[in-house]
Amino acid sequence: MEIRELKAFVAVVEAGAMSKAARQLHVSQPALSQTITALERRLGVRLLVRTSTGVQVTDAGTTLLGEARAVLARHDQALAAMARHTAAGGGVLRVGVPLELPPDLLPSALARLPDTRVQARHLSSVAQVAALRAGELDVGLVRERPAGPDLDAVLVVTEDVGVLLAADLAEKLGSPVRLEDLAGLEWFAFPRAGSPAWYDELAAILRSHGLDVGPEVPEEQRLIVELKIPAVSAGGAYAFAPPEWPYPLPDTVRWVPLAGNPIVRRTWAVWPATSRRRDVAEFVAALEDHRRNGSEV
């Protein structure tokens, strides 16, 4: 048995339903179901009975539940014991960050690491994942959850995205603005190569509201925040931005919420699954606390 299988089994039992446990673990329900099925096959016993209202634990499952909790507790103790052999502080934490984040996210997280020097690199999601796998980053903040067992990830930010419009156009359309009312305007987009899943999600939402996605932005043409303002200010384009956009807006541009909040941007903290660094763990825990406390928008 693997630790991840035991964690998955305990999560399903405690949640009482496969779908709820999948959301808590940030995995798909089919993937979680396959993990439980593989565990049952390996042990040769039925652990759970799926019902229309959730799951029920069998006698064998009840036995495993107690053992699994004990194993996981011992596993956490072992990690804590090993962490005492690492440097208590004063190290360098290499963090990858996307173009836009809530302004209070990093300061609140880094306040938990007063003795750690942070090296931040602005990179796309794809570039961050590549850097993590190459050992060039310790933790990344990405727009799409990477696949594969070599990286661990946790959701740390959820933002209801609004739209930047020319001030006179924003006044004409009102607030909140419907996506379909943006027809005829150009989407100020970013290169798909930097974050394919997030780009595809946005493009699908736009098309579903009858909007033209426009030509794909060349890979070498990076999205530069400063270019958003003049492009939008001219009145022929719109750009997406979160409510707490960390850049000043001139009088010629307005941020407007979208009716029904059809676009939700998610940011995951990602780090190597084999990492045992205390500063990485504390940094990720601080990001999780920030989200749980409702600081994100």
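Okay, here's what the table says:
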{"quantity": "Whole-number accessible area per residue in Å² for segment 109-163, which is evaluated in the context of all protein chains at 1.4 Å", "calculated": "44"}
{"quantity": "Span from the segment 16-72 Cα centroid across to the segment 131-175 one, whole angstrom", "calculated": "31"}
{"quantity": "Rounded percent of accessible protein surface that carbon and sulfur make up, the chain, 1.4 Å probe", "calculated": "52"}
{"quantity": "Cα gyration tensor shape for segment 156-255, rounded if a/c is under 1.5, else prolate or oblate", "calculated": "rounded"}
{"quantity": "Hits among aspartates and glutamates - C-alpha to C-alpha of residue 20 under 18 Å, sequence gap 8 or more where chains match", "calculated": "5"}
{"quantity": "Helix runs (DSSP H) in the chain reaching 15 Å along axis by Cα, Kyte-Doolittle at least 1.0", "calculated": "3-15"}
{"quantity": "Global geometry of segment 98-229, whether rounded, prolate or oblate, following the gyration tensor of its Cα atoms and the 1.5 cut on a/c", "calculated": "prolate"}
{"quantity": "Under 21 Å from the Cα of residue 172 - lysines, other chains or at least 8 residues apart", "calculated": "228"}
{"quantity": "At R0 = 30 Å, FRET efficiency that the Cβ-Cβ distance of residue 28 and residue 227 yields, to 0.05", "calculated": "0.25"}
{"quantity": "Per residue accessible area of segment 1-81, 1.4 Å probe, in Å²", "calculated": "58"}
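The values are calculated or read from the model by the stated rules, or taken from the named source; none is laboratory data. None of the values given here were measured: they were computed from a predicted structure. Glycine gets a Cβ as well: all are built from the backbone with ideal geometry, and neighbour counts include every protein chain shown. The area values use the complete protein model at the heavy-atom level, side chains included, leaving out ligands, DNA and RNA. Shrake-Rupley method; radii C 1.70, N 1.55, O 1.52, S 1.80 Å.
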